[in-house]
Every structure is written in structure tokens, then in C-alpha cells.
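Peer 1: Sharing a structure with you now.
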Amino acid sequence: MSRIRHDLSNEEYHKSDAISSSAVKSVLTSSLYHWKNKSFKATPAMDLGTVVHDMVLEGGENSVRGPETRRGKAWSDLKAQCDAQGKTLLTEADYDSADDMSAAIMADPQCAKVLAAEDGIREASLFAECPVTGLQLRCRPDIYVPSTNVMGDVKTCRDASPRGFHRQTYDLRYDVQAAFYMYVSELCGWDAKYFAFQAVENTRPHAACMHVLSEESLELAREDMFRALIEIAEAQDTGQYKTN
């Protein structure tokens, strides 16, 4: 059964045991064993990306500008408070950088056309059963614009240029993420025909650029996605999570 939830926080969404695109990418870039035994710990770079997303998509309501450094009682007390409220805390400098990055991405006309779309559905939580493998799947697209059939995803990166972001897309399997999102959204009744990344550099001058995946890229990524999903389903049936 497919479901679309608009009332889940990011934290609540991640409590689900359903398979995400991160699991699929982990299997493809490392192994079933690495995915199954992976431990997660947020890094300052991840928190920076989270805040950029929040500023662009939610107006920054879940982000807090903290003290100058992460040392001392002022930081630890505020961090505990933010954790309890489901908010992300950054140092002054990192918060200001995230603010500059979000402004840069919205200043790019192509990125803004997607991210500021009036009918854009932002950060919905989608859940569906894969008819091929029987696995429960989940995804949380940054935005889906029904009027243009575009699904968008904000990415912070070192190089937002076509050449640089192309390399990162295939190194980190963003193409598979896109194919996975489009597949789950299809199962949920959405009609996403295009997938676009709104990329912004994490160093000044924070250049931004939008990149749209080709149909060929998405089709090849979809094949890899199904291969990984089948491996995950077989591993869950046998209890064997191989290293290759």
C-alpha cells in the first residue's frame, strides 16, 4: 500500500524501517555488509547541508544560529535544547554560510523556478511497497512540482559546474537516488517526468547551477536500483549480507 504523508518531521520520517535511496546507494557503492552494519553520525558538513535545505524549503524554521564555537557550556546547553526540539544548531560562521548559500541558490533563475513554484509540494514523505521485490520503500523529495512534472533536490557541493557536478553525481550515485525517488513517487501516484538537482557550492562565491538528468541516465540508474533492491530482498530472506 502506498502512502503520502505531509505531517512527518524529518526525524520522524527517518525512524521508518522502510528501504531508502541511501540504502540502495550504499549497496551499489560498497556492499550489503557495509549497508547493514553502517552507523550514522551527523557531521558539521551534513548539518550545514541540512540547514541549507531548511532555509530554502522551510524558511529556516528548524535551524538555529549558535555560539561562535562548539566548545563550552553555551554550545552544549543549546545543542541539547535543539536536539530535543528537532532543530539543527550551527556555529555563527556556519549558519551565516548556510544563509549565503540559500540566497545564492534562490538567486539562480532556473533553481528558483523549481524551488519557488507556487504548487510545489515540499518534503512530503512517501511510502510504497515495491511490486518487484516486496520491499517497503520510502523517500522524501525536497520538492515536486505537479504543473511541470519536475522533482527537485537541493545539493551542496564543492563544484556546481556541469563538469564538476557530473563527476559527483556518478561518484555518489545521485542518479540512482533520482531514479529511486521517481520510482517510489510513481508507486504513490505522482507523475514525475524530470529530475533536477539544484546545486550550490559550499565555498564562496557559492555558485549555483541546476542540472537535469537525461532519460538515458535515469533508465540506466533504474536498472542499477532494481539490482540493488533485489540483492537487499535476497539478503533479508537469507540473512546473509555479503561484502561483495
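Peer 1: With respect to the numbered conditions (1) within 22 Å of His34 (Cβ to Cβ); (2) open to solvent by 20 Å² or more (accessible area, probe 1.4 Å), which one is the sole condition not fulfilled by Tyr194?
Peer 2: (1)
Peer 1: Quick test for you: out of Lys38, Lys25, pick the one residue that is touching a helix residue (DSSP H, G or I) at 6+ places or on another chain (Cβ under 8 Å), part of a loop (DSSP other than H, G, I, E, B) and of a type in the set (Lys, Arg). Even if it seems obvious, please write down each step before you answer.
Peer 2: On the way: Lys25 fails: part of a loop (DSSP other than H, G, I, E, B).
Result: Lys38 is the single residue among Lys38, Lys25 that is touching a helix residue (DSSP H, G or I) at 6+ places or on another chain (Cβ under 8 Å), part of a loop (DSSP other than H, G, I, E, B) and of a type in the set (Lys, Arg).
Peer 1: Here's a follow-up. Working only within the range 185-237, note down all residues that are basic (Lys, Arg) and under 19 Å from the mean Cα position of the chain (by Cα). Show your work before the answer.
Peer 2: In the first step, residues of the range 185-237 are kept if they are basic (Lys, Arg); the result is 193, 204, 222, 227.
The answer is Lys193, Arg222.
Peer 1: Please go through the range 43-86 and give me each residue that is of a type in the set (D, E, K, R), in a helix (DSSP H, G or I) and farther than 23 Å from Ala208 by Cα, ordered by number.
Peer 2: In the first step, residues of the range 43-86 are kept if they are of a type in the set (D, E, K, R); the result is 47, 54, 58, 61, 65, 68, 70-71, 73, 77, 79, 83.
Checking which are in a helix (DSSP H, G or I) leaves us with 47, 54, 58, 73, 77, 79, 83.
Answer for the range 43-86, where residues must be of a type in the set (D, E, K, R), in a helix (DSSP H, G or I) and farther than 23 Å from Ala208 by Cα: Lys73, Asp77, Lys79, Asp83.
Peer 1: Evaluate the following for Leu89: is it outside any helix (DSSP H, G or I), more than 17 Å from Val200 (Cβ to Cβ), among the hydrophobic types (A, V, I, L, M, F, W, C) and at pLDDT 95 or above? Write out each step before concluding.
Peer 2: On the way: outside any helix (DSSP H, G or I): yes; more than 17 Å from Val200 (Cβ to Cβ): yes; among the hydrophobic types (A, V, I, L, M, F, W, C): yes; at pLDDT 95 or above: yes.
Yes.
Peer 1: A further question on this structure: Name every residue in the range 32-59 that is of a type in the set (Gly, Ala, Ser), more than 20 Å from Ala178 (Cα to Cα) and either free of Cβ contacts under 8 Å to residues at least 40 places away in the same chain or buried (at least 16 other Cβ atoms within 10 Å of the Cβ) (or both), in order of residue number. It would help to see each step written out before you state the result.
Peer 2: In the first step, residues of the range 32-59 are kept if they are of a type in the set (Gly, Ala, Ser); the result is 39, 42, 45, 49, 59.
If we keep only those that are more than 20 Å from Ala178 (Cα to Cα) as well, we get 39, 42, 45, 59.
Scanning the range 32-59 gives Ser39, Ala42, Gly59.
Peer 1: Any chance the range 64-75 includes a residue that's under 21 Å from the mean Cα position of the chain (by Cα) and either surrounded by 17 or more Cβ atoms within 10 Å (Cβ to Cβ) or not charged (D, E, K, R) (or both)?
Peer 2: Taking the range 64-75 first, the residues under 21 Å from the mean Cα position of the chain (by Cα) are 64.
Imposing the further condition that a residue be either surrounded by 17 or more Cβ atoms within 10 Å (Cβ to Cβ) or not charged (D, E, K, R) (or both) reduces the set to 64.
Checking the range 64-75: at least one residue is under 21 Å from the mean Cα position of the chain (by Cα) and either surrounded by 17 or more Cβ atoms within 10 Å (Cβ to Cβ) or not charged (D, E, K, R) (or both).
Peer 1: Only one of (1) open to solvent by 30 Å² or more (accessible area, probe 1.4 Å); (2) part of a helix (DSSP H, G or I) is not met by Pro131, so which one is it?
Peer 2: Tallying (1) open to solvent by 30 Å² or more (accessible area, probe 1.4 Å); (2) part of a helix (DSSP H, G or I), Pro131 fails exactly one: (2).
Peer 1: Further question: Just wondering, is there one or more residues in the range 104-125 that are of a type outside the set (D, E, K, R), within 26 Å of Ala45 (Cα to Cα), open to solvent by less than 10 Å² (accessible area, probe 1.4 Å) and not in a helix (DSSP H, G or I)?
Peer 2: Yes.
Peer 1: Then there's this: Show the residue pairs meeting these rules: Cβ distance below 7 Å; 6+ apart or different chains; first residue within the range 227-244 and of a type in the set (D, E, K, R); second residue modelled with pLDDT of 95 or more.
Peer 2: Close Cβ pairs satisfying both conditions: Glu231/Val27; Glu231/Leu32; Lys242/Ser31; Lys242/Leu32; Lys242/Tyr33.
Peer 1: In addition: Criterion first (farther than 30 Å from Glu234 by Cβ and crowded, with 17+ Cβ neighbours inside 10 Å) does Val150 satisfy it?
Peer 2: Values: farther than 30 Å from Glu234 by Cβ: yes; crowded, with 17+ Cβ neighbours inside 10 Å: yes.
Taking the combined requirement at face value, the residue satisfies it.
Peer 1: Yes or no: Ser21 under 20 Å from Ala199 (Cβ atoms) and either surrounded by 12 or more Cβ atoms within 10 Å (Cβ to Cβ) or of a type in the set (S, T, N, Q) (or both)? Reasoning before the result, please.
Peer 2: Working: under 20 Å from Ala199 (Cβ atoms): yes; either surrounded by 12 or more Cβ atoms within 10 Å (Cβ to Cβ) or of a type in the set (S, T, N, Q) (or both): yes.
Yes; evaluated as a whole, the condition is true for this residue.
Peer 1: While we're here: In the range 169-184, what residues are of a type outside the set (Ser, Thr, Tyr) and either crowded, with 23+ Cβ neighbours inside 10 Å or within 13 Å of the chain's Cα centre (by Cα) (or both)?
Peer 2: So in the range 169-184, the residues of a type outside the set (Ser, Thr, Tyr) come out as 171-173, 175-180, 182, 184.
Scanning the range 169-184 gives Leu172, Arg173, Asp175, Val176, Gln177, Ala178, Ala179, Phe180, Met182, Val184.
The values are calculated or read from the model by the stated rules, or taken from the named source; none is laboratory data. Since the structure is predicted, the reported quantities are computational estimates derived from the model, not experimental observations. A quick note on method: Cβ atoms are made from the backbone with ideal geometry, for glycine too, and the neighbour counts reach across all protein chains shown. Heads up: the accessible areas ignore ligands, DNA and RNA and are worked out on the full protein's heavy atoms, side chains in. Shrake-Rupley method; radii C 1.70, N 1.55, O 1.52, S 1.80 Å.
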